[in-house]
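Where a number appears in this text, it was derived from the coordinates with a stated rule and is not lab data. Remember, it's a predicted structure, so these values are computed and weren't measured experimentally. Ideal geometry is used to build each Cβ from the backbone, glycine not excepted, and the neighbour counts take in all protein chains shown.
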Amino acid sequence: MRLFVCAATAWELSAWGEVHESEEQESITLQVTGVGAPATFAALSQRPEADLILAIGIAGAYRETGLEIGELVIGESEAWGDIGFALPEPPHFRPIQQSEFGGFYSQPQPLWAPAWLPAKRGRGCTVHTCTGTEEQGALRRELFSAHFESMEGAAVAQLGQSWGIPVCEVRAISNMAAHRDMRPEHLSLAKERLTMFLKNLKSEGDFFHRLSMELFRGESPS
């Protein structure tokens with residue numbers, strides 16, 4: 001079972017913890033991608049020797065989706081959320097998916113979200129500029145039926161699709177994707193919850209065996 005774990009920053013990646021000798025036998029690789037889709041594409045320019053890509057980190061949650069600060073969410077799919085056209089009138093943005101150029105973007109990037117992972121499920125919205133107002137957050141939620149946003153999720157999912165490697169995305173909610181509020185205590189709580197979630201998974205004796213069995217049975221979007 002070859003596992004490739006990536007995150008945008010070293011701070012987020014540290015939630016995985018150290019790779020112990022028992023895990024080295026499972027061939028686990030950790031990598032920081034950098035923040036945003038361009039950095040992610042650059043950092044992951046070469047196909048990893050992996051059976052599964054695990055993308056971890058924090059994320060903002062859209063309001064009225066049932067996600068709260070500190071909760072864990074497993075991504076079911078990822079949409080590109082701010083590629084499109086600025087408009088002079090409301091809603092002030094038209095996504096490329098609604099234009100004649102939107103064929104590539106018409107379907108969200110699939111993710112592998114096994115039912116046995118103990119967290120909520122949701123669709124991710126990947127953006128180049130994080131949400132800063134209530135109106136912007138509500139619009140993105142409605143346009144893409146999204147629950148949370150990040151700056152790398154769709155890039156990792158797209159690469160996984162092109163390589164034929166399933167991607168599992170695990171995010172901890174650190175803020176609401178609305179009026180910007182990045183309190184240090186919320187960031188710390190999200191990191192703590194993500195660390196504990198991953199620690200509990202790894203402490204289960206059959207974690208890697210279970211991953212192997214499900215992946216090799218073909219129970220993934222790839």
- If you take the Cα atoms of region 84-150, find Rg, then find the Kirkwood Rh from the mean of 1/r over all pairs, what is Rg/Rh? 1.02
- Message: Quick check for me: using +1 on Lys/Arg Cβ and -1 on Asp/Glu Cβ, what's the dipole size of region 3-209 about its Cα centre, in debye to the nearest 20?
- Response: 360 debye
- Task: Name the long-range amide H neighbours of D82: under 5 Å, sequence gap of 5 or more, or other chain; modelled H, no Pro or chain starts.
- Result: H128
- Note on the structure: Residue by residue through region 174-191, the couplings from Karplus 6.51 cos²θ - 1.76 cosθ + 1.60 with θ = phi - 60°, in Hz, x for Gly and Pro, are 10, 6, 8, 7, 7, 4, 4, 8, 10, 5, x, 5, 6, 4, 5, 5, 4, 5
- By count of other Cβ within 10 Å, fewest leading, how are W16, W80, W11 ordered? W11, W16, W80
- Query: Restricting to the chain, what percent of DSSP beta bridges are antiparallel, rounded to 5?
  - Reply: 25 percent
- Cβ crowding within 10 Å averaged over residues, with 151-158, 188-195 ranked highest first: 151-158, 188-195
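Kirkwood hydrodynamic radius of region 100-222 from all distinct Cα pairs, in Å?
Across region 100-222, the inverse of the average 1/r is 16.3 Å.
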- Antiparallel %, DSSP beta bridges [both residues in region 41-170], to 5: 35 percent
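Can you sort L143, L52 by how many other beta carbons sit within 10 Å, fewest first?
Values: L143 19, L52 22.
With the fewest neighbours first, L143, L52 line up as L143, L52.
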- Note on the structure: Tilt, helix 134-144 to longest principal axis of the chain (alpha-carbon atoms), in degrees rounded to tens, equals 70 degrees
- Find which of P90, L198, A55 sits farthest along the positive direction of the dipole of the chain, computed with +1 on the beta-carbon of Lys and Arg, -1 on that of Asp and Glu, about the Cα centre. P90
- Item | Values of log10 I(q)/I(0), in the order q = 0.08, 0.09, 0.17 Å⁻¹, for the chain under a Debye, Cα-only, solvent-free model | -0.27, -0.34, -1.22
- Task: Can you list which of the GluC sites (Glu not before Pro) found in region 64-99 are DSSP loop residues with at most 11 other C-beta atoms within 10 Å?
- Result: E64, E68
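Over region 4-124, what portion of Cα pair distances is larger than 18 Å, expressed as a whole percent?
On the way: 4787 of 7260 pairs.
More than 18 Å apart: 66 percent of the Cα pairs in region 4-124.
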- C-alpha center-to-center spacing [region 25-69, region 139-184] in angstrom: 9 Å
